[in-house]
DNA sequence: GCACTTTGGGACATCGATGTCCCACAACGA
DNA sequence: TCGTTGTGGGACATCGATGTCCCAAAGTGC
């Protein structure tokens, strides 16, 4: 509930630099060493250890920060507004823009570190879940599968687009278009 | 092109046991140690090293074996027969049954070891690609996205179902049903 | 039963990642 | 300017994973 409070200002900046670098790096290479993270953050290895004494401390902070960013995105999307189709498009877009965060959260390494944060993830995308259920009730989304399944598919398809971009197989625009199209068709009711 | 040829018979059995255990284990824990692999295969660590001197040797063999299994599955599915919808259902089913193999191939750790095997993967599911293109030509599958995209979505959705099963969130039957349903709707033309 | 093959496990060296400590130096604020 | 705060890098100990070697024991086929 508080991370950018207190502290000297320069401490906050350093902390953010480390976190940003870690998220970017761990998104593509979850097994990256702390030395690599420090280098990516343009920070000494001892400084990194000063902020995050152990590797798990860094991992936890990365996941927490990712969840925080995700929360902001979900909240901003105001999924209760407009038609389910429109809201789906908004959240899809929002997820896509959070590429590194998605990658970090989707990668399974968080399982190794903090089991308790998995529950937080469910909490964070509760609004998405509600959107999916609302869409099902209103006849927009497929009722033949569970809302949980739709949620999983949402994540998977967005992830696929991000991965395709990362490989250079598609442009961001093309990926976003394909994601939206496939999701709309795959999730809507007859 | 040859792996179960020659050799003493007991060597083949041991090799298979190691490979099977490795695929199963690495599917869920790509970073598992060689000691764990040996234990899972009920084999001494020195025996493991005798068959696969280095870790990369084991990883390569695992990927090669996975590709071989995938090849058999794709060939057996005879994707050129029947309607695209039927063929899609067959390959979906086949992929799903190969859960651990899919997990191993989908996990990115293969990228670290043998870049050259990625091309082999494209080669292996070339028939799937052809199916998707055929379906597009015949008006069964969505023409608004690329066949490559459809292929990625196919993998992603099957993977999602497998993951859901692994977490105990769904039964295998429910997962397979959801996968098929979502894929059919998500990929077909208007 | 005998010779050959295969196996299991211990002992050992090595390597990279991690974590700790310390100290000189730079940055910053009153 | 001076004291406080933050930083970078080196030295070091530790740990787990990896890889090598060897030998006694179990398994296999003739």
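Bear in mind these aren't lab numbers, they're just calculated from the coordinates by the rules spelled out. Since the model is a prediction, treat every value here as computed from it, not as a measurement. Every residue, glycine as well, gets a Cβ built from its backbone with ideal geometry; the counts of neighbours run over all protein chains shown.
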Problem set entry | Segments B:117-125, A:15-23 sorted - mean Cβ within 10 Å per residue, highest first | A:15-23, B:117-125
Exercise. When only alpha-carbon atoms count, how far does region A:62-187 stretch along each of its three principal axes, as whole angstroms with the largest first?
Worked result: 39, 35, 26
Exercise. In Å and whole numbers, how far do the C-alpha atoms of the protein assembly as shown stretch along each principal axis, longest first?
Worked result: 70, 55, 35
For this session: Could you grab the relative contact order for region A:62-187? Cα pairs under 8 Å, six or more apart, rounded to a whole percent.
Result: 28 percent
Exercise. How far is helix A:172-187 tilted, in degrees, relative to the longest principal axis of the Cα atoms in chain A, given as a value from 0 to 90 rounded to the nearest 10?
Worked result: 50 degrees
For this session: Would you mind checking the tilt of helix B:10-28 against the longest principal axis of the Cα atoms of chain B, expressed as 0 to 90 degrees and rounded to 10?
Result: 60 degrees
For this session: Just report the Cα centroid separation between region A:40-61 and region A:114-190, whole Å.
Result: 33 Å
For this session: Just tell me how shielded B:174-184 is by partners: mean number of partner chain Cβ atoms within 10 Å of each residue's Cβ, no decimals.
Result: 4
Exercise. For chain B, what is the calculated [θ] at 222 nm in deg cm²/dmol (nearest 500), taking -39500 (n - 2.57) for each run of four or more DSSP H residues and dividing by its residue count?
Worked result: -23000 deg cm²/dmol
For this session: Would you mind calculating the relative contact order of region A:52-113 from Cα pairs under 8 angstrom and at least 6 residues apart, reporting the percent as a whole number?
Result: 39 percent
Seminar exercise, completed: In degrees, nearest 10, the alpha-carbon axis of helix A:84-97 is tilted away from the dominant principal axis of the alpha carbons of chain A by 20 degrees
Exercise. Taking square-rooted eigenvalues a ≥ b ≥ c of the alpha carbon gyration tensor, is region A:22-86 rounded, prolate or oblate, where a/c under 1.5 means rounded and, failing that, a/b exceeding b/c means prolate?
Worked result: prolate
